[in-house]
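S.K.: Got a structure here, written out as structure tokens. Questions coming.
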Amino acid sequence: MRRNPRDLWKIFEHINTRECLNHPTFLGISKSILVQFLSLDTLNIESELDLVTACIRLAEAKGKENSYFMDVAIPHLRLLTLRVGNLDEIRNYLSPEEAMARIK
């Protein structure tokens, strides 16, 4: 029986996503894998903040903090689910206008 490669992503519905985000190999994933991962409909995670902080760590590991985080991660993060206080995590990556737009 041949399986669809997309079925592989379904495994993330059943494992602890936070463990994956904290695993050292997470810092070596490619942009395309990150985009696919962030685009999953269902993740076994408590808060979007866990994804945000993992993406910041990944961007810092890549040495391209602002561009990598803004171009790759931000479009796929569900920032509206964060509390205003959690936005402090990403303020350094946003322009003042973007920060104000996210708070409103």
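S.K.: Can you put Val84, Val35, Val52 in order of Cβ neighbours within 10 angstrom, beginning with the fewest?
M.R.: Val84, Val35, Val52
S.K.: Further question: Using 7 Å Cα-to-Cβ label points, what is the His76/Ala61 separation (nm, one decimal)?
M.R.: 1.4
S.K.: Give me Cys55, Cys20 ranked fewest to most by other Cβ atoms within 10 Å of their Cβ, as a rough exposure proxy.
M.R.: Ordered from fewest to most neighbouring Cβ atoms within 10 Å, Cys55, Cys20 come out as Cys20, Cys55.
S.K.: Let me ask something else. Using the number of other C-beta atoms within 10 angstrom as an exposure proxy, rank Arg57, Arg83 with the fewest first.
M.R.: Arg83, Arg57
S.K.: Moving to a separate point now. Provide the FRET efficiency to the nearest 0.05 for the Asn44-Asn92 pair, computing r from the beta carbons and using R0 = 30 Å.
M.R.: E(calc), rounded to 0.05, equals 0.60.
No value in this document is a laboratory result; all are computed from the given coordinates. These figures come from a predicted structure and were not determined experimentally. Every residue, glycine among them, receives a Cβ derived from its backbone with ideal geometry; neighbour counts consider all protein chains shown.
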